[in-house]
Structures are given as C-alpha cells and as structure tokens.
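Reading through the structure tokens given below for one structure.
The values are calculated or read from the model by the stated rules, or taken from the named source; none is laboratory data. Keep in mind that this is a model prediction, so the values were computed, not measured. Note that each Cβ is placed from the backbone with ideal geometry, even for glycine, and that neighbours are counted across all protein chains shown. To get the accessible areas, we keep the full protein, side chains included, count just its heavy atoms, and leave off ligands, DNA and RNA. Shrake-Rupley method; radii C 1.70, N 1.55, O 1.52, S 1.80 Å.
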Amino acid sequence: MTWLGWESLGGVLTSGPAVSSWSNGRLDCFVRGTDSALWHKWFDGGWSGWESLGGILTSSPAAVSWGRGRIDVFVRGTDSALWHKWFDGGWSGWESLGGVLTSEPAVCSWASGRLDVFARGTDSALWHKWFDGGWSGWESLGGVLTSGPGAVSWGRGRIDVFGAGTDSALWHKWFDGGWSGWESLGGILTSTPAVSSWRPGRLDVFVAGTDSAMWHKWFQNGWSGWESLGGVLTSAPAAVSWGPNRIDTFVMGTDSAMWHKWWSAVPTVRVHAKVLTAPNIPIATMLQRMRDVYASVGIAVEHASTENLNLPTLNDVDVGACTLGNTTAEQNALFANRNNAGANDVVVYFVRSTVPPFNGCAAHPAGRPGAVVVQGATQWTLGHEVGHVLGLFHVNDNDRLMTGNGTANITNPPPDIIGSERTTMLNSALTQDI
Ligand SMILES: [Zn+2]
C-alpha cells in the first residue's frame, strides 16, 4: 500500500475542509473562505474553480452525498443553530435545524432517503438528529466529547461515530439496532477525527496528532496501530473513499491552502528467496533488474524473505522437460519448502544447476507457485521465470523479457513487457493488491 504525495488545491481556506464523493469519478470539497462564506470546488476529470454558496458560516462545513445527483451541506450559522443547504440540479436556500450546537456538525447518509446528523450540544454531549421523510427531534448519545464528532456509515444498518474525549483519546460509538457504549481507541488526538469507510469490513480514521502530523488508524476485524502520514496540518483532516482501493484525504496546510493526499493499493508480486547455492549475479541485483522491468507496467516487486536451505541432493535439480503441470519428484520435494510464504506468494529456489541444464525453470507443483534459478543465470532470469509463473509464455523477440531465445540475448535492456502481458500479470492471483 502506498501513500502518494501531497498536492495543493489553492488558498481560500479559513476552516478545515469537508469532502463528499458524489458519484463515480466526482469529488466535492467544501470550505469556509476568508469572507466566512461557504465555498465549493469539485473534481471531475480535473479540479474546477471555487464557487461561493453564501455567507452564514461560523463553523467548518459538513457535506454528504445523499442519492444520485444530490449533495447536502450542513454548517453552524451565526445563531449557533445547524443550517442545511442542498444541491439538486441547483442550490436551495438555507434551512435551520435548530440550536443545540457547540461543535461542527458531522453528517452521514445511512440509507436511501435517510440522513443522520451529529453535533456536540451545549452540555458537551453528542446529539443526533435524522431526516427520514422529515427531521426528527434531537437525541442525546452521552457526554464524553471535547471535539466535533466524526461519523461514517459502515455497512447496512450501521453507523459509526468518533469523537475526542475529555482525556484527548479517540472514542468510538456505533449504532447497530441500538447504540453501543463508547470504546477508547487511544490518545494522540489534537483535532476532530475524520473517518472514511473504504470497503465492506474496513474503517479508516484520520486525526491530527500532538506533533501536528496526520495519523491514520484502521479497523479490519481489529484496530491497527497508528501510522503517521507526515506533517502539513493546521486543520482537522477530511477523508473520503473514492473508488475501489482508493482513499482521498484533505487538510489545510501551514500556508492556509487545501492539500490533498491519497492512498492507493499497488499491484505487487511478493518474492521469497530460498538459497541452496547463491548465484554469481547477486540476488539483490536480480531483484532490482526485475523491479526495473515490472515497474514499467506498474507492478511492484516485494522481497518478502530469504532463507538458506541445506538440501544437497536437490542442488542439481531434475526438472525433466520443464513443462508446467508435469513436475518431477525432485521438483516436488524442492517446492515443498515454503516457510514464511503465503498461498499467493512466489518462492524462487536458487540452485547450482538444473538437469538438463537451463538458466531457470518455472514449472511448479499445483498450489506451490515458484521457479528455480541457477548459479550461472543472467540478470534478467529472475524476472523472466516469475513472468512464466504469472502466466506469460515465450515470444520470438529479443527486445522483450519473455524472449524464448535466452535472456542473455536481450538486445535493449531493460527489456519490454507489452500491454497484453501486463493484463495477464494483473489478472494473476499472484499479483496482489497491497
Ligand atoms: Zn522461459
């Protein structure tokens, strides 16, 4: 998994940003400008200019998509009440939802036709109000908050709410038929948390830490530790998932501009090295050459582990005709050694030689993906053999990694992988989104 760099979206901010994805390929951002009005900017292929929605704000905005073609925006007005404005072909006027707020609102769509709003009241407790045909009264969820709440829908019929408690720790409460008690997630907060669901069963939470850097924690069956994403923050972060395997995060930087950072899963081949005889070209060099070639088609190579194996009877391994699906007893014995390797990890056995002699051989027993590479292999043999393991076949073209004429005869280093080969590699279960 990879965090990409920060990009600046420019400088009208006086509040933390609020973000809402509104349809596939579209991203809407709302902020309070230097004139205290609400400003809006969106991404749809490229970033638009800013547009002003008018001027009643005393809090950062909260935004939510609520059905196709509709955006709902909530803010605290000059009367401390919650105000609501929506876009449905055009922008409506503002409507007031009443006056219990002492924090920024948090908003979460929870089902078709329903909208849930959370705010901190004058008693510092969390209050909840919802729209379902009409607006409900406010209900109190109890009193640990010292920050604005962050809320997110996480699966059918469930809402998760996060707040900073009186101990500055992050607290979590959820609705699933009824409201749970609060649970503490630990104590590095200096900002309101921002939350983004990323896919079923996963929940991502972002906060500013005591070092002013952005911190990230996620739930996937259990809560992870915190990780730091670096230090440009002067506002609470806002986060939104925008498409499979993508998270977008927005913050106000020290220059008061809005900054954007995103997370994207990267297709990755995980390689474990099992060494019977070290090759003449170091394994690290072969891995770097493999990375150079695979990076040209957007595939990362992770060196997951190295283990020395003392198996002298398999060091000149009988590979027969080296055909996939037809392995020898010696290959079966060698490929049984998969310490540390997951089911979809590739294990490469570095041996003295094969019988008959090849530079390598990618034939492997079912369920044990891997290859052998011999002592006298070339700098390209590792990437070539793993290419076979990922489903590639020989071609008669010495400009390409998968040349069948021997990788020693490659004429244009680094060699090519063509588009159809890339598709095959990405479709392999051995290319994992990490
Ligand atoms: Zn080959």
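A few comments on the model shown:
- Residues in segment 303-329 that are open to solvent by less than 70 Å² (accessible area, probe 1.4 Å) and of a type in the set (Ser, Thr, Tyr): 305, 323, 327, 328.
- From the list 377, 408, the one residue that fits, being in the same structural domain as residue 336 (by TED's automatic domain parsing), closer than 26 Å to residue 336 by Cα and within 15 Å of the ligand (Cβ to nearest atom), is 377.
- Qualifying positions in segment 345-362 - away from the ligand (no atom under 16 Å from the Cβ) and either outside the structural domain of residue 391 (by TED's automatic domain parsing) or open to solvent by 60 Å² or more (accessible area, probe 1.4 Å) (or both): 352, 355
- All positions within segment 384-393 that are closer than 21 Å to residue 317 by Cβ, open to solvent by less than 20 Å² (accessible area, probe 1.4 Å), near the ligand (Cβ under 9 Å from one of its atoms) and not acidic (Asp, Glu): 384, 387
- With respect to the conditions (1) within 14 Å of the ligand (Cβ to nearest atom); (2) surrounded by fewer than 18 Cβ atoms within 10 Å (Cβ to Cβ); (3) farther than 20 Å from residue 291 by Cα, residue 332 lacks only one, and its number is (1).
- Selection of segment 406-434 for residues being part of a helix (DSSP H, G or I) and either among the aromatic types (Phe, Trp, Tyr) or within 27 Å of the chain's Cα centre (by Cα) (or both) yields 419, 420, 421, 422, 423, 424, 425, 426, 427.
- Remark: pairs (first residue in segment 403-419, closer than 17 Å to residue 291 by Cα; second residue within 12 Å of the ligand (Cβ to nearest atom) and part of a loop (DSSP other than H, G, I, E, B); Cβ separation under 6 Å; 6+ apart in sequence or on different chains) = 407/378; 407/380; 410/380; 415/401; 417/401.
- Test: residue in segment 363-383 that is open to solvent by 60 Å² or more (accessible area, probe 1.4 Å), part of a helix (DSSP H, G or I) and aliphatic (A, V, I, L, M): no
- Single residue of 426, 430 found to be hydrophobic (A, V, I, L, M, F, W, C), in contact (Cβ under 8 Å) with a residue 12 or more places away in the chain and in contact with a helix residue (DSSP H, G or I) (Cβ under 7 Å, 6 or more places away or on another chain): 430
- Residue list for segment 394-405, filter: open to solvent by less than 40 Å² (accessible area, probe 1.4 Å), more than 9 Å from the ligand (Cβ to nearest atom) and in a loop (DSSP other than H, G, I, E, B): 401
- Test for residue 225: is it at pLDDT 65 or above and open to solvent by 30 Å² or more (accessible area, probe 1.4 Å): yes
- Scanning segment 406-417 for residues that are open to solvent by 60 Å² or more (accessible area, probe 1.4 Å), within 18 Å of residue 301 (Cα to Cα) and modelled with pLDDT of 95 or more returns a single hit, 416.
Residues checked against (1) touching a Cys at 6+ places or on another chain (Cβ under 8 Å); (2) over 28 Å from residue 427 (Cα atoms); (3) assigned to a strand (DSSP E or B):
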{"position": "330", "(1), (2), (3)": "no, yes, no"}
{"position": "338", "(1), (2), (3)": "no, no, no"}
{"position": "342", "(1), (2), (3)": "no, no, no"}
{"position": "349", "(1), (2), (3)": "no, no, yes"}
{"position": "354", "(1), (2), (3)": "yes, yes, yes"}
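- Some residue of segment 153-162 being within 20 Å of residue 85 (Cβ to Cβ), outside any loop (DSSP other than H, G, I, E, B) and at pLDDT below 75: no
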